[in-house]
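For reference, the structure is listed below as structure tokens.
What follows is calculated from the coordinates using simple rules that are stated; it is not laboratory data. The shown structure was predicted, so the numbers you read here are calculated from the model rather than taken from an experiment. As a convention, Cβ positions derive from the backbone with ideal geometry for all residues, glycine included, and neighbour counts pool all protein chains shown.
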Amino acid sequence: MCCQICRMSKNLKSLHLSHHCFSSLRRPQQVLDNPAPFLSPFSFEITFECLQPLSDDLEWKVLYVGSAEDTSHDQVLDEILVGPIPVGINKFILSADPPDITQIPEGDILGVTVVLVTCSYRDKEFVRVGYYVNNEYEEPYDEEVGPPKPLDMTKVRRNVLAEKPRVTRFPIHWGNEEEENSNIMQEEPQQQQSVEGQMLEEAKGMGMGMLGSMSVGEDVMMDGEMIQ
């Protein structure tokens, strides 16, 4: 799937990434229609700046973490190719279907988890934005007994902690594919997994109230350079 993007002329403050081809805004995304029923689609408003012409499309993905214990329950909710990319400020809406509940362990449907929005160029991921998500059952139930089983999913409400994103950036080469650094390609998957794992470790045993008291999600450069 490939979609066109609309261009904004407003001059916004940006953060520069490697090779000065692409920069991302401090608030690159807005979570729309939030909170929302669990079975409703996710919707993100994506805004970014392209500093130089790109010869290929950008690939955006939305991933839902189904279980903190087993990555096999992670789901790619949607993936799209966006292009051609004009130089300047660009904006589009990224929508994704809700996760398939049959792929989520019953004990992991409620509580805190993570949804990720990633962007790649030539199959190399260079930015990942993670959001904590809290799924709650809307009707009262006995805490000792737990919610009714099977869950009535029409009564589960999803709340994305939109103001506390964890933004992680990965260095890539923007030039010819032959110039790609093999070390970056080998290290990148482990780095990406560590980001997701760190968020899940923080979420264990924490409610949305505790997560909400955390500082605003920081920008992290995985090669050790902090984006200012």
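Computed from the Cβ-Cβ distance with R0 of 45 Å, the FRET efficiency linking Leu51 to Lys155 stands at 0.45. For region 87-129 and region 44-69, what is the separation of their Cα centres, given in Å? Taking the Cα centre of region 44-69 as reference, the centre of region 87-129 is 8 Å away. Estimated translational diffusion coefficient (Stokes-Einstein, Kirkwood radius over Cα pairs, 4 °C, 1.567 mPa s) of region 80-131: 92 µm² per second.
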